[in-house]
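What follows is one structure encoded as structure tokens, with my remarks underneath.
The values are calculated or read from the model by the stated rules, or taken from the named source; none is laboratory data. Predicted model, so just to flag it, every value in this text is computed and none were measured. Cβ placement follows ideal geometry from the backbone for every residue including glycine, while neighbour counts extend to all protein chains displayed.
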């Protein structure tokens, strides 16, 4: 018999009971598969919740969706959209849902998978998909497809879309069918593609580890932080903190305390996808015992996409993310949380917060948001007090986190001068206190500035970087290079790899990946889609604990910190839709640096006189 996680007894006594179809399919699989197969029931894959995943070491994986729809209640129109006839609403098809699960495993969740797929397209063939329609026979499924898709062109397109998806009815659960399917996909034959690395990455998501108390570290919280880390039932709190004041430190400890108090899953949301790994690092530092599977950490857009897919709701463009009634058709089925925490809340639109509190929060739950309006890089509207608008939380902001340990006093002074010079008319200026940080006391400290002109080549910037590293004996592991866009960084990263022969960590595509994507895609939309897929994947796995130089857009590095920062300020582009050198963005970049800050201005006159006046080279 196959291994099943969790065991049948646990599955039958879960708070949310398994459906009849799930239990019947699990029983069939467990009885007919041998011990080499691992069956995972409702694994939580960072937001994605497929019904069943089957794993066979050295061979491959199968994602299974169990569907209890009576297809006679549904229809497919000429655009191949699925509709629920009883509610007259558009729904996501079971085939689209399972494709989403597979695509996320390949292009987002599993480390190293996307690179392997880009080099060898057939890597995605080691993940198979199957939809089990528990209330339909195999013949009735075929009949539904035939009757609902009459146009030959549509039928050809539909069958092409589901070419690699197996679908079964209730009468398909026979040993003969199972053996024929396994023979077709060769799941029982060893595959060099499904190597130890990929298998272990699968296991890490399907069966997250338990965090032992000894894995944490002793953290000395300030008095203000100690007041805020206590988890309570029913509070709604707005916590404001200056850059480096320990907002994420407080969030991490309070989230762990919330789990210890509620013994339930904790939802932690950001705006920046790469920040989830920083939050995870901070939670890992907390000296308590807890299962990692109880912490769901992601950004807002990925959260909404995953939840929409879990409940078969189609995303209709950007408007779906701000539609405060989007989840109304499934409101009685949505999984809710007893504690939700949001970091960098100044990046959030008010509608997003309404959606989260309306559909995902229990009434008596803990809801805490953290922010700093000086890092309002997306220009969200502020209230009459020049503070972020949080309609779902009444009362004043807690402003006790006004002391920073992140950076040296020199960087703190520069940040305050920058606030007074550029931000005074837009925001309330901080009363910043820079606390002593023993870890920085004996560090060499450098703040340097140079206006290298708008026509400076990336080769010149690379040479300045190389010379600076040599002059100040900088370790690549301590360095982060930031800029408003990836265009300049991509060329610099290429030079670091090819000329210095050093590895790198980025939040964007390499030059080779960019060039290859240009050659292989047939349209601008396809090209942009591939580049965005690579960037989502890189941001999802971004970490500073890599022992290499890091390169990132300022947007993707917001919330992080680095011992040494090279900041490239790009020339002002009047024709650009986005402002990649706004004062909020530059302030955010400056306050990422802990010890060393090297600013290279590509002829942006907006900042030249300020940095010349305030940085002594």
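Structural remarks
- Set side by side, the residues 501, 522 differ, and just one is modelled with pLDDT of 95 or more, over 21 Å from residue 563 (Cβ atoms) and not in a helix (DSSP H, G or I), which is 501.
- Highlighted here are the helices (runs of 4 or more DSSP H) found entirely within the stretch 174-246 that include at least 2 residues which are over 30 Å from residue 398 (Cβ atoms) and in contact with a strand residue (DSSP E or B) (Cβ under 9 Å, 6 or more places away or on another chain): 175-185, 196-206.
- So residue 55, is it over 16 Å from residue 133 (Cα atoms) and surrounded by 21 or more Cβ atoms within 10 Å (Cβ to Cβ): yes
- Test result for residue 60, more than 20 Å from residue 166 (Cβ to Cβ) and either assigned by TED's automatic domain parsing to the domain that holds residue 182 or free of Cβ contacts under 8 Å to residues at least 24 places away in the same chain (or both): no
- Yes/no for residue 450 being part of a helix (DSSP H, G or I) and either touching a strand residue (DSSP E or B) at 6+ places or on another chain (Cβ under 7 Å) or within 18 Å of residue 561 (Cα to Cα) (or both): no
- Residue 136, sole failed condition from (1) farther than 30 Å from residue 325 by Cβ; (2) crowded, with 16+ Cβ neighbours inside 10 Å; (3) at pLDDT below 95: (3)
- Contact map, the stretch 383-401: first residue outside any loop (DSSP other than H, G, I, E, B), second residue modelled with pLDDT under 90, Cβ cut-off under 6 Å, separation 6 or more or different chains; pairs are 388/373.
- Residues in the stretch 157-173 that are over 33 Å from the mean Cα position of the chain (by Cα) and in a helix (DSSP H, G or I): 170, 171, 172.
- Unique residue being at pLDDT 95 or above, assigned by TED's automatic domain parsing to the domain that holds residue 234 and closer than 24 Å to residue 261 by Cα when the list is 304, 393, 340, 324: 340
- Checking each residue in the stretch 393-419 for being over 26 Å from residue 446 (Cβ atoms) and crowded, with 16+ Cβ neighbours inside 10 Å picks out 393, 397, 398, 399, 400, 401.
- Conditions (1) in the same structural domain as residue 593 (by TED's automatic domain parsing); (2) surrounded by fewer than 20 Cβ atoms within 10 Å (Cβ to Cβ): number failed by residue 496: (2)
- Any hit, the stretch 94-110, residues being closer than 29 Å to residue 190 by Cβ, surrounded by fewer than 19 Cβ atoms within 10 Å (Cβ to Cβ), touching a residue at least 12 places away in the same chain (Cβ under 8 Å) and out of contact with any strand residue (DSSP E or B) (no Cβ under 9 Å at 6 or more places or on another chain): no
- Residues considered: 477, 454. Of these, the only one that is within 28 Å of the chain's Cα centre (by Cα), surrounded by fewer than 19 Cβ atoms within 10 Å (Cβ to Cβ) and closer than 26 Å to residue 586 by Cα is 477.
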